[in-house]
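Everything on this sheet refers to the single structure shown next.
The values are calculated or read from the model by the stated rules, or taken from the named source; none is laboratory data. Just so we're clear, the structure is a prediction, and the values are computed from it rather than from any experiment. Heads up, the Cβs are rebuilt from the backbone with ideal geometry, glycines too, and the neighbour counts pull from every protein chain shown. For the accessible areas, the whole protein counts, side chains as well, though only heavy atoms, and no ligand, DNA or RNA atoms are used. Shrake-Rupley method; radii C 1.70, N 1.55, O 1.52, S 1.80 Å.
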Amino acid sequence: MPLKKHKPEEIIGKLREVEIVLGQGGTAAEACRRIGVSEQTYYRWRKEYGGLKTDQARRMKELEKENAWLRRAVSDLTLDKLILQEAAKGKLLSPARRRRCIDHVRSVMAVSERRVCRVLGQHRSTQRKMPCGADDEEALTEDIIALASQYGRYGYRRITALLHAAGWAVNHKRVERIWRREGLKVPQRQRKRGRLWLNDGSCIRLRPEYPGHVWAYDFVEGRTHDGRKFRILTVIDEFSRECLALIVARKLNHEDVLAALAELFIWRGPPAHIRSDNGSEFVAGAVRKWLGRIGVKTLYITPGSPWENGYNESFNGSLRDELLNGEIFYSLAEARILIEVWRRHYNTVRPHSRLGYRPPAPETAAPPRPVSSSASLHLRPTLATEVLMH
């Protein structure tokens, strides 16, 4: 029969019986036979539990359990710390990176997969699941790279809009994931500017309410390959964000501004207001009188406050960022052709973020576009011609 393991309370009770026997004049051998243990066990018990009471023995047992629990806790924390130190530095944001890190930790340390997954916050089913990409992942990646190469200053949201136009049914999150995986750079956002306010709390800038309500025009400078300057008169509709004209010439004065506006008024009709800065070409007496006779009200911004003409300044920035900074014009005629091609692309194809990533003036009669199934995007023939010219 296996030996019975005595509890501390039972041991203390038996020691009390031995003390009673010894007090009555008996010997230790007799007392040991009475409690059913050997003399060696009796002396070992007396050395370990002698002088203790039952409640004290119970408390000592609880302290031993707590001590064992603390040792296990310290051991677990130490092991967790070693796992975290062995893991890759930085945040493990993606499941794929956690998966690689867990495999690395298990190859270095003799720990279980369950333990490493718990420490690094990875579910075991996610760890064991083999990732498999979509069937069209490679074709979509090639299309994104092709669009990013063609439109170097577009971010992934505009690229997503172009993919939708080409027939892809894909959301911006997937495009962003591929965009970052391929190392494509998102253009930096410009710093927001404040507006000027009047004493009555109203904003100086008149907000456009419908197409043709407020037009805005301004000048942009560029250079041909020989270093000579040329000027661009930009005219936009602030409500629809459509670029109405880009007039390119070596010199532009108030007579050229009048001629350009007259052509636009005949073609589109005069707007209710027209906004510009305080340049000599815009505040000339002939321009103001002519606009007044037609019934167009002029809105001049405060000197040194270009953000009051924010719609046109934003358009000028896009023109310079997407075209002027990336093209070499060998002649003025070449500049006129490429700038006009860009204007048509801006109005009919380029997704505008403030218009829900739709172009300002999309073509109404466009042929149906098939769903893209290869790396070559289904571009319209006119757009393909523009790209070749560009």
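Things to note:
- Relative to its residue count, region 214-355 spans a Cα convex hull of 112 Å³ per residue.
- Net length gained if the chain between R71 and A272 were fully extended (0.36 nm per residue, minus Cα distance): 64.1 nm
- Rounded if a/c under 1.5, otherwise prolate or oblate - region 59-138, Cα gyration tensor axes: prolate
- Estimated from the Cβ-Cβ distance and a Förster radius of 35 angstrom, the FRET efficiency linking E327 and V108 is about 0.05.
- Phi angles of region 61-71 translate, via the Karplus equation with coefficients 6.51, -1.76, 1.60 and θ = phi - 60°, into HN-Hα couplings of 5, 5, 5, 5, 5, 4, 5, 5, 5, 5, 4 Hz per residue; Gly and Pro are given as x.
- Per residue solvent-accessible surface (Å²) - region 214-355, probe of 1.4 Å: 44
- Two-site FRET efficiency, K229 against R181, from Cβ-Cβ distance with R₀ of 45 Å, rounded to 0.05: 0.60
- Taking 29 Å as the limit for the C-alpha separation, the pairs K65/K91; K89/K129; K129/K185; K251/K289; K65/K89 exceed it in the case of K65/K91; K129/K185; K65/K89.
- Cα gyration tensor shape of region 204-264, rounded if a/c is under 1.5, else prolate or oblate by comparing a/b with b/c: prolate
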